[in-house]
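So the structure is just underneath, and the comments pick up after that.
The values are calculated or read from the model by the stated rules, or taken from the named source; none is laboratory data. Since this is a predicted model, take the numbers as computed values, not measurements. Note that we place each Cβ from the backbone using ideal geometry, even for glycine, and neighbour counts take in every protein chain shown.
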Amino acid sequence: MVTDNQNLIWTAMTVLQDGVRAVTGRNGVPQYELKVRWEWTPPSNTWGDTTYVNKDISPEVITAGTYTVLARRDELKTNKERLAYDGSHNWMYRWRIAEWEGIAVEGVTTAPPQAAPTPAPQPTPEATPHLPVAETQPQYVTDIFAGIDPNQMRIMRQATLKCASWMVVPMVAHTVSKDKGYVTSNFVAIAEEMSEMFLEYVVTGNVYNEFEAEDLLNEEF
């Protein structure tokens, strides 16, 4: 059962045995009186529902059996006390045939629900031709720090600077204390210059080459 809007429903309708009678409707229009069961007809309703449809817009021959129709919801039925039902279920309404499957009725052109298309078969791996795959040349990493986050690199450089400062100054002082030919203050100055070199490395990443370092060591203080 498919609902197209509030009042129209594509559904299966079963015409009961001996449930077709030719009648004349209002204004003398030839009609069929049908005894039918809808999809929502309760099992306790053994006599079915009565609906009317114009002859000239119906199949040429209507026999007992099941048809696909577009049903239009009509007024509410009444109970034994002749009070209208609350409309909470489809069986509480009267229904009229708005369209037979394949036959336009009452100007309605809504198509019946279509079955989902069958997906196209997928080719098996054996049937799929193997396409040539272009060989890719390996990419070599020229910068060993290329994969390190810049902020993380800055933190590592700062830690390197601290460690270098902690080690270089005591080492130079210890060396001078054993060698009377040098002045401790000179080595301390060299250590400070080395710290400046480390600092420049931390900030810019630049490293002194061997000639610049040699000039530093030969500098007179």
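Miscellaneous remarks
- A Cβ distance below 7 Å, combined with a sequence gap of six or more or placement on separate chains, defines the contacts here; from region 64-77, residues that are polar (S, T, N, Q) reach residues that are not in a strand (DSSP E or B) in the pairs T68/E101; T68/P112.
- Residue under evaluation D18, criteria (1) over 17 Å from K77 (Cβ atoms); (2) surrounded by 11 or more Cβ atoms within 10 Å (Cβ to Cβ), criterion not met: (2)
- In the condition set (1) surrounded by fewer than 16 Cβ atoms within 10 Å (Cβ to Cβ); (2) closer than 21 Å to T78 by Cβ; (3) modelled with pLDDT of 90 or more, D49 is compliant with all but (1).
- Considered as a group, the residues in region 29-46 that are surrounded by fewer than 18 Cβ atoms within 10 Å (Cβ to Cβ) and without any contact (Cβ under 8 Å) to a residue 24 or more places away in the chain include one that is nearest to the chain's Cα centre (by Cα), and that residue is P43.
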